[in-house]
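A short write-up of the structure that comes next.
The values are calculated or read from the model by the stated rules, or taken from the named source; none is laboratory data. Just so it is clear, the structure is predicted and the values come from calculations on it, not from any experiment. Methodologically, a virtual Cβ is constructed for each residue, glycine included, from the backbone with ideal geometry; neighbour enumeration extends over all protein chains shown. Just so you know, the surface numbers come from the protein's heavy atoms only, side chains and all, with ligands and any DNA or RNA stripped out. Shrake-Rupley method; radii C 1.70, N 1.55, O 1.52, S 1.80 Å.
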Amino acid sequence: MNPTAAFGEVRQLGYVVPAERLAEHLDHWVKVLGIGPWLMVEHPPVDDYVHRGVPGHLDFTIAITHLGDLQVELIAQHNDQPSTYLDFLHRNPEGGLHHIAYWPADMDAAEALVAEAGWELWSGGRIGPRGRFRYYLTEAHPGTVIELAEVTGRRLEYFATEFASWSRSFDPCTDAPFVSR
């Protein structure tokens with residue numbers, strides 16, 4: 001069995017963009033595509049970061065919104081720490097779809113399942129006490145990296161209800177393009 005069948009539906013599309021062009025990308029999503037509002041998380045503290053087995057320090061900004069139940073994330077890395085994001089930008093300098101993400105209910109079980117399937121961990125870390133994220137080497141073409149992210153409890157409730165409802169009623173002509181937590 002393909003492990004992804006055990007994770008449920010795809011919860012997020014993640015786009016990696018050059019840091020110097022993040023504002024331009026956000027402007028396009030809001031003004032041209034009419035999608036928002038966006039939540040910016042600048043320089044979140046990442047603990048236990050590792051890329052290809054080597055620990056490091058990752059500095060990035062994310063912007064997230066929803067398309068109904070599907071979350072969209074823009075990621076802009078600020079430092080030159082080796083990462084899945086810089087690997088992607090090296091091959092795709094303009095940026096683009098980097099990953100699809102699943103939010104398994106049991107992250108430990110999900111990690112055990114992909115380890116049993118032989119998936120190789122590419123990059124991972126943790127934001128907050130229960131915010132693990134893992135990227136696996138599953139890319140056959142741009143955009144097919146699989147991320148497992150620990151999104152549970154209040155964070156899941158916030159994204160699935162309140163944040164998703166904002167996106168359903170967003171009007172780029174009258175609504176603010178950004179929200180705060």
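Structure notes:
- Residue 105 being without any contact (Cβ under 8 Å) to a residue 12 or more places away in the chain and either assigned to a loop (DSSP other than H, G, I, E, B) or of a type in the set (Ser, Thr, Tyr) (or both): no
- Out of 113, 156, 89, 97, sole residue that is at pLDDT 90 or above, open to solvent by 50 Å² or more (accessible area, probe 1.4 Å) and part of a helix (DSSP H, G or I): 113
- Taken as a whole, region 152-170 holds no residue that is in contact (Cβ under 8 Å) with a residue 12 or more places away in the chain, under 27 Å from residue 91 (Cα atoms), of a type outside the set (A, V, I, L, M, F, W, C) and touching a strand residue (DSSP E or B) at 6+ places or on another chain (Cβ under 6 Å).
- Region 64-106, subset within 12 Å of the chain's Cα centre (by Cα) and of a type in the set (Gly, Ala, Ser), residue nearest to residue 143 (Cα to Cα): 101
- Identity of the residue in region 1-60, under 20 Å from residue 96 (Cβ atoms) and of a type in the set (Lys, Arg), that ends up most open to solvent (accessible area, probe 1.4 Å): 31
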